[in-house]
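The values are calculated or read from the model by the stated rules, or taken from the named source; none is laboratory data. Since the model is a prediction, treat every value here as computed from it, not as a measurement. Cβ sites come from the backbone with ideal geometry, for glycine too, and all protein chains shown count toward neighbours.
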Amino acid sequence: MKNKKKIGIIMGSKSDLPIMKEAIEILKLFKIETETDIVSAHRTPSKLMDYGKKAHKRGLKVIIAGAGGAAHLPGMIASLSPLPVIGVPIKSRNSIEGWDSVLSILQMPGGVPVATVALNGAKNAGILAAQIIGVDSSEIQEKIIEYKNELSKNVIESSKKIND
């Protein structure tokens, strides 16, 4: 039986979880199933290879990969998987203000694309993953439309309060 989970959320270490939870939470809001794991490009290369090569066979549609420091995880997964990969650069304790992670994920060679969100931008990664899946799911697309309408409504409400 195929896994019903649609989006894989992976990170290089447990310390990335507080940031990556934002992707998990937004996808729960959209009622999109996820699987979450720690897959270190440097400390568990065999696990990384297995995950990257088999994710699509387990029914995943998109992979969100968060990493700090040298941030090789998103690019390595993208090199192994036919699925879209969204990279989340994470400002870690050993990073150079997060720039090393941003540039490592952003500057991929031709043929190995990784969509990259802002530093610590896991929430946007979750929204982007939902939008990708929403192309083939009117139910998910409708939830995204509702979410964006709510964002707009909140800004309008804030604007009214400023002038009161």
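Answer yes if at least one residue in the range 133-142 is in a helix (DSSP H, G or I), within 16 Å of Ile63 (Cα to Cα) and out of contact with any Leu (no Cβ under 8 Å at 6 or more places or on another chain), and no otherwise. Outline the logic, then answer.
So in the range 133-142, the residues in a helix (DSSP H, G or I) come out as 133-134, 138-142.
Of the ones still in play, those that are also within 16 Å of Ile63 (Cα to Cα) are 133-134.
Checking which are out of contact with any Leu (no Cβ under 8 Å at 6 or more places or on another chain) leaves us with 133-134.
Checking the range 133-142: at least one residue is in a helix (DSSP H, G or I), within 16 Å of Ile63 (Cα to Cα) and out of contact with any Leu (no Cβ under 8 Å at 6 or more places or on another chain).
Only a single criterion out of (1) touching a Leu at 6+ places or on another chain (Cβ under 8 Å); (2) in a strand (DSSP E or B) is not satisfied by Ser40, namely (2).
I'd like to check something: does the range 133-149 contain any residue that is under 20 Å from Ile10 (Cβ atoms) and surrounded by 22 or more Cβ atoms within 10 Å (Cβ to Cβ)? Reasoning before the result, please.
Step one: filter the range 133-149 for residues under 20 Å from Ile10 (Cβ atoms), giving 133.
With the extra rule that they be surrounded by 22 or more Cβ atoms within 10 Å (Cβ to Cβ), the set shrinks to none.
There is no residue in the range 133-149 that is under 20 Å from Ile10 (Cβ atoms) and surrounded by 22 or more Cβ atoms within 10 Å (Cβ to Cβ).
Could you say whether any residue in the range 12-25 is crowded, with 21+ Cβ neighbours inside 10 Å and not in a helix (DSSP H, G or I)? There is at least one residue in the range 12-25 that is crowded, with 21+ Cβ neighbours inside 10 Å and not in a helix (DSSP H, G or I).
Taking residues in the range 116-136 that are on the phi < 0 side of the Ramachandran plot, and partners anywhere that are crowded, with 20+ Cβ neighbours inside 10 Å and among the polar types (S, T, N, Q), the pairs with Cβ atoms closer than 8 Å and at least 6 places apart or on different chains are Leu119/Ser101. Taking every residue in the range 91-112 that is farther than 14 Å from Ala67 by Cβ and pairing it with any residue that is surrounded by fewer than 18 Cβ atoms within 10 Å (Cβ to Cβ) and of a type in the set (Ser, Thr, Tyr), at least 6 positions away or on another chain, the pairs with Cβ-Cβ distances below 9 Å are Gly111/Ser79; Val112/Ser79. Would you confirm whether any residue within the range 1-8 is in contact with a Gly (Cβ under 9 Å, 6 or more places away or on another chain), modelled with pLDDT under 95 and not basic (Lys, Arg)? There is at least one residue in the range 1-8 that is in contact with a Gly (Cβ under 9 Å, 6 or more places away or on another chain), modelled with pLDDT under 95 and not basic (Lys, Arg).
Only one of the numbered conditions (1) among the polar types (S, T, N, Q); (2) touching a Gly at 6+ places or on another chain (Cβ under 7 Å); (3) in a helix (DSSP H, G or I) is not met by Asn94, and that is (3).
Residues are listed down the side, and each one gets a yes or a no for (1) under 20 Å from Lys21 (Cβ atoms); (2) of a type in the set (S, T, N, Q); (3) more than 16 Å from the chain's Cα centre (by Cα); (4) modelled with pLDDT of 95 or more:
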position: Val39; (1), (2), (3), (4): yes, no, no, yes
position: Lys47; (1), (2), (3), (4): no, no, yes, yes
position: His72; (1), (2), (3), (4): no, no, no, yes
position: Pro89; (1), (2), (3), (4): yes, no, no, yes
position: Val112; (1), (2), (3), (4): no, no, yes, yes
position: Val117; (1), (2), (3), (4): yes, no, no, yes
